[in-house]
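Participant: Here it is, the structure, as structure tokens.
The values are calculated or read from the model by the stated rules, or taken from the named source; none is laboratory data. None of these values were measured; they are calculated from a predicted model. Methodologically, a virtual Cβ is constructed for each residue, glycine included, from the backbone with ideal geometry; neighbour enumeration extends over all protein chains shown.
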Amino acid sequence: MTGLTDQVPVPHLPELPRLPRLPRRLSAPTPGWVETTDVVVVGSGIAGLTTALHLREAGQHVTVVTKVNVDDGSTRWAQGGIAAVLDPADSPAAHAADTLAAAGGLADPAAVRLLVTEGPARVRELIRVGAAFDRHPDGSLMLTREGGHRADRVVHAGGDATGAEVQRALQAAVRRDPWIRLVEHALVVDLLAEGGRAIGVTLHVLGEGTPDGVGAILAGAVVLATGGLGQIYATTTNPAVSTGDGVALALRAGAAVTDLEFVQFHPTAFAGCLCSCGRQGDHNCTNIAPKPLVSEALRGEGAHLVDADGKRFLLGQHELAELAPRDVVAKAVYQAMRAAGTDHVWLDARHLGGEFLAGRFPTIVATCRAAGIDPATEPIPVAPAAHYASGGVRTDRHGRTTLPGLYACGEVACTGVHGANRLASNSLLEGLVYARRIATDIQAAGHPTRLKRGPLLGVEAAPGTLPQTRAALQQAMTAGAGVLRSGESLAVAAAELRRLEPAVAGGRGTEQWELANLVTVATAVVAAAYARQETRGCHWREDWPETDQRWRGHLSGALAADGSFSLAWERT
Ligand code: SIN
């Protein structure tokens, strides 16, 4: 008898446009120094630092390497908070239902169950580490609501400065532990693998050692916690360091990536003018990275999205109106902008009152004031901006990637909890939950640190860098693979990426290595977005506007030995 799942038709994967050939290793000199540790963690946001702390509880010696300063990643910028079931009237089943409803049929229910059941304990641990969340006068935690949640379950700190508080508390805990070595200004160039497993990293540490500060760290396990990839776009809420390094490192090392077409656009990035040019709207005149967020929590507290005529355009589009899941709201904002021919809409919070706004949303009020806007008397200009990679390096429920010894945690990972569209404030939670699962797995596996058999050889640099390459890539991605895509726009983006191929192949140095990562990740995003001929979650195709059951599955990407990127289909 044929099983039900066997009857689901398989989609036809279209032939991809010509893509650039991507490097399998970056140009770097032979490492001038080698260190060993039990575990090397790459990245220092909530995922990386929490993993390091759990590994220490398990008695591991940890080295955390981070590209610039310890707090330069996305965590610090998180406003809304952390979603977890902390109210007795709420339940893990309700949190799971909201997460699955937002995810467009692609989330893994078992992974989601782990997230929502283990989440509350992880948040309480974070409080014990020192994170001070906002509380009512009776001492109970204040809980708010964001898009797609049908219950108040988002904890926050400093009003809308949750990420800053979480980062502060974790950094302080890490710095107190003498067995966690924190190396800042250290860009991981490539992963080291031998015998089919990850054995460490090569990295460039600014101002350290010879030649050119390039060295190697050998470890029993490597954890990627490098955050997001928003910098492949011209307009993003992600900080400048979010160049998709972890996805690119994993691809070059032979690990699989998945769901990369599902780049989430935040519907309400601040679109006011923060420079002196005086123009309104999202014109990037100050080249601000990250683009300031106007948190969904402001809508959770009652703010409305309106067009230039003051009309609430989400009413009638979704039963939750402005609190619909993020993909729904981003699309509605985009359509309203397109209909009016403007580059922003408005978020009206005036009815919440100046005193409330200043106390609950000090960061947003400060951003508005810097642009000469008083949100108590004027609506706030907002527009969508690239915000979160729902896909990433594919992992199992223990954070293991397809390369033994290599783990991924946080935004860089695709654990299966987000599917086609992440539910608001589930990302910090995912970092907390999977950090602990990874540490437990590493301890149980007891991966020994291996010394590499052969010499550590560098790769010759070919000459040639192109000026303006990064900006060209970002513009091409925003135009071709942004909120709304089509086969045609994606093919144009692919052609632009091919034009950048010589810039990726040559040169060395932080800018060049980051550029290679950006082109690698952008290529993977374009390929997956081109292949998926339907609209689902935050993947919105103008030429394939319907959700198609044949596409209920995942596109998994890999880099071949010759540098060609390819996709394979996996049913859910
Ligand atoms: C927000 O505060 O709107 C962002 C929350 C999130 O991205 O989860």
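Participant: Picking from T202, T226, which residue would you name as being in a loop (DSSP other than H, G, I, E, B), β-branched (V, I, T) and in contact with a Leu (Cβ under 9 Å, 6 or more places away or on another chain)? Show your work before the answer.
Facilitator: Details: T202 fails: in a loop (DSSP other than H, G, I, E, B).
Matching residue, one of T202, T226: T226.
Participant: Another one. Name, by its number, the condition in (1) within 18 Å of N517 (Cβ to Cβ); (2) at pLDDT below 95 that does not hold for G227.
Facilitator: In the conditions (1) within 18 Å of N517 (Cβ to Cβ); (2) at pLDDT below 95, G227 misses (2) alone.
Matching residues to (1) within 20 Å of A435 (Cα to Cα); (2) surrounded by 23 or more Cβ atoms within 10 Å (Cβ to Cβ); (3) modelled with pLDDT under 95:
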{"position": "R128", "(1), (2), (3)": "yes, no, no"}
{"position": "D134", "(1), (2), (3)": "no, no, no"}
{"position": "V155", "(1), (2), (3)": "yes, yes, no"}
{"position": "A164", "(1), (2), (3)": "yes, no, no"}
{"position": "L170", "(1), (2), (3)": "yes, yes, no"}
{"position": "R176", "(1), (2), (3)": "yes, no, no"}
{"position": "G209", "(1), (2), (3)": "no, no, yes"}
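Participant: Restricting attention to the stretch 482-520, and to residues there that are basic (K, R) and over 16 Å from P20 (Cα atoms), which single residue is farthest from the chain's Cα centre (by Cα)?
Facilitator: To start, the set of residues in the stretch 482-520 that are basic (K, R) comprises 485, 498-499, 508.
Narrowing further to those that are over 16 Å from P20 (Cα atoms): 485, 508.
Details: R485: 20, R508: 26 Å.
Here the answer is R508.
Participant: Tell me which of these L115 doesn't satisfy, since it passes every other one: (1) part of a loop (DSSP other than H, G, I, E, B); (2) under 27 Å from E57 (Cα atoms); (3) within 16 Å of the ligand (Cβ to nearest atom).
Facilitator: Result: L115 fails condition (1) only.
Participant: Does the stretch 490-504 hold any residues that are surrounded by fewer than 21 Cβ atoms within 10 Å (Cβ to Cβ) and within 17 Å of V459 (Cα to Cα), and which are they? So that I can check it myself, show each step before the final result.
Facilitator: Taking the stretch 490-504 and keeping what is surrounded by fewer than 21 Cβ atoms within 10 Å (Cβ to Cβ), we get 491-492, 495-496, 498-499, 501-502.
The one that is surrounded by fewer than 21 Cβ atoms within 10 Å (Cβ to Cβ) and within 17 Å of V459 (Cα to Cα): P502.
Participant: Okay, next question. In the stretch 421-440, what count of residues is obtained for those that are over 19 Å from T258 (Cα atoms) and assigned to a loop (DSSP other than H, G, I, E, B)?
Facilitator: Counting residues in the stretch 421-440 that are over 19 Å from T258 (Cα atoms) and assigned to a loop (DSSP other than H, G, I, E, B) gives 2.
Participant: Under 8 Å between Cβ atoms, which residue pairs at least 6 apart in sequence (or on different chains) link something in the stretch 440-460 that is loosely packed, with under 14 Cβ neighbours inside 10 Å with a partner that is assigned to a loop (DSSP other than H, G, I, E, B)?
Facilitator: Every condition considered, the pairs that remain are P455/T30; L457/T30; E460/S27.
To keep it simple, each residue is scored yes or no on (1) in contact (Cβ under 8 Å) with a residue 60 or more places away in the chain; (2) assigned to a loop (DSSP other than H, G, I, E, B); (3) more than 19 Å from V241 (Cβ to Cβ).
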position	(1), (2), (3)
R128	no, no, yes
A132	no, yes, yes
G139	no, yes, yes
H149	yes, yes, yes
G158	yes, yes, yes
E165	no, no, yes
R175	no, no, yes
A216	yes, no, yes
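Participant: So, one more: Restricting attention to the stretch 59-106, report how many residues are under 18 Å from the mean Cα position of the chain (by Cα) and either free of Cβ contacts under 8 Å to residues at least 40 places away in the same chain or within 16 Å of the ligand (Cβ to nearest atom) (or both).
Facilitator: Of the residues in the stretch 59-106, 14 are under 18 Å from the mean Cα position of the chain (by Cα) and either free of Cβ contacts under 8 Å to residues at least 40 places away in the same chain or within 16 Å of the ligand (Cβ to nearest atom) (or both).
Participant: Scan H418, H398 and give me the residue that is within 16 Å of the ligand (Cβ to nearest atom), modelled with pLDDT of 95 or more and assigned to a loop (DSSP other than H, G, I, E, B). Spell out the reasoning first.
Facilitator: Values: H398 fails: within 16 Å of the ligand (Cβ to nearest atom).
One residue alone meets the criteria, H418.
Participant: Output the residues belonging to the stretch 406-429 that are of a type outside the set (S, T, Y) and either out of contact with any Gly (no Cβ under 7 Å at 6 or more places or on another chain) or surrounded by fewer than 24 Cβ atoms within 10 Å (Cβ to Cβ) (or both).
Facilitator: Correct list: L406, G416, V417, H418, R422, N426, L428.
Participant: While we're on this one: Restricting attention to the stretch 48-71, which residues are touching a Phe, Trp or Tyr at 6+ places or on another chain (Cβ under 7 Å) and either farther than 16 Å from V201 by Cβ or in a helix (DSSP H, G or I) (or both)?
Facilitator: R56
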